[in-house]
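The values are calculated or read from the model by the stated rules, or taken from the named source; none is laboratory data. Every value quoted in this text rests on a predicted model; they were computed, and no experiment measured them. Heads up, the Cβs are rebuilt from the backbone with ideal geometry, glycines too, and the neighbour counts pull from every protein chain shown. Keep in mind that these areas ignore ligands, DNA and RNA; they rest on the heavy atoms of the full protein, side chains included. Shrake-Rupley method; radii C 1.70, N 1.55, O 1.52, S 1.80 Å.
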Amino acid sequence: QVQLVESGGGLVQAGGSLRLSCVASGRTSGRYAMGWFRQAPGKEREIVSAINWSGGRTSYADSVKGRFAISRDNAKRTVYLQMNSLKPEDTAVYYCAADPSELLLIVPTSYDYWGQGTQVTVSS
């Protein structure tokens, strides 16, 4: 089992920045693909960004390209999501996900492990 704990969410004004972190613990000796997803009230969970095990491949939702950046530090078992130029429509609960794969995974059902989520609220 892998446990994921997100942090870094909060309330920010439009145009501001936040940095989310997700720390993995437990059975983390293998290679894991990681992703960030979000879910707004009344909407389905959607991909925000994903990164493969080595960090050499990343993917972003069109709505966040150029504003968000995903990265990882495997030694620290941590994945980050730097969010800049935030907009009210970025308001959602953000979830970290992990799967024992070296691939780049962008579909929620591909992931075995999920964090509890962290709330991001962007005011206009």
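For residues in the range 7-33 being touching a Phe, Trp or Tyr at 6+ places or on another chain (Cβ under 8 Å) and within 22 Å of Ser54 (Cβ to Cβ), which is modelled with the lowest pLDDT?
The qualifying residue modelled with the lowest pLDDT is Arg31.
Here the range 102-121 is the region considered, the condition is being assigned to a loop (DSSP other than H, G, I, E, B) and open to solvent by less than 20 Å² (accessible area, probe 1.4 Å), and the residue that is farthest from Ala61 (Cα to Cα) is Gly115. Scanning the range 85-107 for residues that are within 12 Å of Met34 (Cα to Cα) and either of a type outside the set (Gly, Ala, Ser) or without any contact (Cβ under 8 Å) to a residue 12 or more places away in the chain (or both) gives Tyr95, Cys96, Asp99, Pro100, Glu102, Leu103, Leu104, Leu105, Ile106, Val107. Can you say whether Gly55 is modelled with pLDDT of 95 or more and over 17 Å from Ser110 (Cβ atoms), as far as the supplied structure shows? Considered against the rule, which asks whether it is modelled with pLDDT of 95 or more and over 17 Å from Ser110 (Cβ atoms), Gly55 comes out as no. From the residues in the range 1-10 that are under 23 Å from Thr58 (Cβ atoms), of a type outside the set (A, V, I, L, M) and in a strand (DSSP E or B), which one is least open to solvent (accessible area, probe 1.4 Å)? So, considering only residues that are under 23 Å from Thr58 (Cβ atoms), of a type outside the set (A, V, I, L, M) and in a strand (DSSP E or B), the one least open to solvent (accessible area, probe 1.4 Å) is Glu6.
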